[in-house]
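Colleague: Take this structure, written in structure tokens, and hold onto it; I'll ask about it next.
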Amino acid sequence: MSGASGLVGSALCEELEQNGYEVLRLVRREAGAGEIAWQPLEGLPEPAQAEGLDAIVHLAGESLASGRWTDARKERFRSSRVDATAALVRSLQELDAPPQSFLCASGVGFYGDRGEELVDETSEAGRGFLADLCVEWERAAREGNPAKRVVHLRFGVVLDKDSGALPKMLTPARLGLGGPMGSGEQAFPWIALDDCVAAIRWLLEHADLEGPFNVVAPPRDTSSSFARSLGRALGRPALLPAPAFALRLALGEMADEMLLSGQQAVPRALEESGFSFRFADTLAALRHVLGKA
């Protein structure tokens, strides 16, 4: 697993190891026990260490919220996803017994800004930096991959109280300032961390499933409705919105791509595969994540 120390990766490692899986972490330093060394832009220095693995779960990529989007940072986003994935796939091509399954991160940004349109895994890619990035990322995971199946994990916002996007929302929300971003009408696809981990495990364990999967919860929230639910979970009103002009001034292109636009993505492929969400209600999910259930 790459990205094993991140929000999703660390929780997934714990879940799998508690259920009898052996997880080998891909690390960028000298490998120790239970680890395999890799260099993101070069792949695996010793590909034979991946011989005969059941699956690769590839979650690595520089955080899109690491700072204002300069041209240099956007190139790092691309390199850490597209180039690193292509290099990993090239390493797997050297194996006599490559992994059976290759699960690779992606995002609902694939669909671009779609307004109120419902999008599922059959919908076409959208336009914009994130959409183009996801298209390239998925292509790098798919083309030339020797695995018998490739799964694209199109994540929404993963909710956890200690990491990711939610902690950044909590301080203003506790002050009653956690209103919507911009108009508040843009879609806000999310998934509780527990359900995210359960969905990835489900896709690992069902070898007949392949292609893209929207890893999002069923509720069709907007920025405004999510802000109201967060306020209710905290016992605070969600009063003051964050004006679009202020977000653009502070964050530039990132504001338009990540905060002021959205995708009304639905988890059609997951639900049709038989997966059941534990948290299919926004308020209940937030109360669980915040320890207020």
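The values are calculated or read from the model by the stated rules, or taken from the named source; none is laboratory data. Bear in mind that the values here come from a model prediction, so they are computed numbers and not experimental data. Counting neighbours? That spans all protein chains shown, and the Cβs are built from the backbone with ideal geometry, glycine included. These area figures cover heavy atoms from the full protein model, side chains too; ligands, DNA and RNA do not enter into them. Shrake-Rupley method; radii C 1.70, N 1.55, O 1.52, S 1.80 Å.
Colleague: Among (1) without any contact (Cβ under 8 Å) to a residue 40 or more places away in the chain; (2) charged (D, E, K, R); (3) more than 24 Å from residue 47 (Cα to Cα); (4) outside any helix (DSSP H, G or I), there is one condition residue 62 misses while meeting the rest; what is its number?
Modeller: Only one criterion in (1) without any contact (Cβ under 8 Å) to a residue 40 or more places away in the chain; (2) charged (D, E, K, R); (3) more than 24 Å from residue 47 (Cα to Cα); (4) outside any helix (DSSP H, G or I) is unmet by residue 62, namely (3).
Colleague: Could you grab me the full set of residues in region 40-58 that are open to solvent by 30 Å² or more (accessible area, probe 1.4 Å) and touching a residue at least 12 places away in the same chain (Cβ under 8 Å)?
Modeller: Across region 40-58, the qualifying residues are 41, 42, 48, 49, 51, 52, 53, 54, 55.
Colleague: Related question: Return the residue satisfying two criteria in turn: it lies in region 66-86 and is more than 15 Å from residue 147 (Cβ to Cβ) and hydrophobic (A, V, I, L, M, F, W, C), and of such residues it is surrounded by the most Cβ atoms within 10 Å (Cβ to Cβ).
Modeller: By that ranking, first place goes to 84.
Colleague: Which numbered condition in (1) at positive phi; (2) open to solvent by less than 30 Å² (accessible area, probe 1.4 Å) is the only one that residue 20 fails?
Modeller: Looking at each condition in turn, residue 20 falls short on (2).
Colleague: Out of region 193-231, which residues are buried (at least 23 other Cβ atoms within 10 Å of the Cβ), within 17 Å of residue 107 (Cα to Cα) and among the small types (Gly, Ala, Ser)?
Modeller: Residues satisfying the conditions are 199, 217.
Colleague: Next up: Can you find even one residue in region 100-116 that is of a type in the set (Asp, Glu), within 23 Å of residue 158 (Cβ to Cβ) and in contact (Cβ under 8 Å) with a residue 24 or more places away in the chain?
Modeller: Scanning region 100-116, I find at least one residue that is of a type in the set (Asp, Glu), within 23 Å of residue 158 (Cβ to Cβ) and in contact (Cβ under 8 Å) with a residue 24 or more places away in the chain, so the answer is yes.
Colleague: Now for a different question. Can you pull out the residues in region 96-130 that are closer than 21 Å to residue 23 by Cα and open to solvent by 20 Å² or more (accessible area, probe 1.4 Å)?
Modeller: 96, 97, 98, 100
Colleague: Looking at region 23-39, which of its residues are within 23 Å of the chain's Cα centre (by Cα), of a type in the set (Lys, Arg) and either farther than 30 Å from residue 75 by Cα or surrounded by fewer than 16 Cβ atoms within 10 Å (Cβ to Cβ) (or both)?
Modeller: 28
Colleague: Name the residues in region 132-176 that are open to solvent by less than 20 Å² (accessible area, probe 1.4 Å), at pLDDT below 95, at negative phi and of a type in the set (Gly, Ala, Ser), would you?
Modeller: 156, 173 - these are the residues of region 132-176 that are open to solvent by less than 20 Å² (accessible area, probe 1.4 Å), at pLDDT below 95, at negative phi and of a type in the set (Gly, Ala, Ser).
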